[in-house]
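FYI, it's all coordinate maths here, none of it is from the lab. Owing to the predicted nature of the structure, the values given are computational and were not obtained by experimental measurement. A quick note on method: Cβ atoms are made from the backbone with ideal geometry, for glycine too, and the neighbour counts reach across all protein chains shown.
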Amino acid sequence: MLKRLAWFAAALIAAWLLWMTLRPNHEVAAELVPLTASATARGISSHLLIDLAGNIVVFVPLGAALAVATWPPRSRPAGRRRFDPRWWLTVAAAGFVLSLGIEVAQFFIPTRVTDVDDVILNTLGTLAGAAVVSLAAQWYTERK
């Protein structure tokens, strides 16, 4: 039941992300070279903080929901959950594919901005959400 709820939450979050990122915007420039706007070139501006934090933070709930939905089973002898690299790769790939789809769609919408940095930061946000769930679960099991 929890996994079904997590999949439903992931779908709602993905729909919200699509709505939020594909609606009209007044900026029209595309940035296709990754990480070109360094902190020294722009200075520590609110735009940079919003760009970095915003793109990471909005994908954290998706990563958390995907982590719960794809939660690895307990390994039999130790009774502990096994988080192998494939699990992390699966969660990261889901965030990457959604983010890449958004950026490709934005490329064809004249009022939206395509930025390859967003794909990188959104994928990191997805992994951060999965990491929060993983650490919380580990902390909870260790307290038992």
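Here are a few things to note about the model shown:
- Packing-based order for 126-135, 61-70, 14-23, using average beta carbon neighbours within 10 Å, highest first: 61-70, 126-135, 14-23
- Here the Karplus curve 6.51 cos²θ - 1.76 cosθ + 1.60, taken at θ = phi - 60°, turns the phi angles of the range 88-105 into couplings of 4, 5, 5, 5, 5, 4, 5, x, 5, 5, 4, 5, 4, x, 4, 5, 5, 4 Hz, with x standing for Gly and Pro.
- Note on A105 and V57: the extension gain reaches 15.2 nm, defined as 0.36 nm multiplied by sequence separation minus the Cα-Cα distance.
- Listing F59, F108, F96 from fewest to most neighbouring C-beta atoms within 10 Å gives F108, F96, F59.
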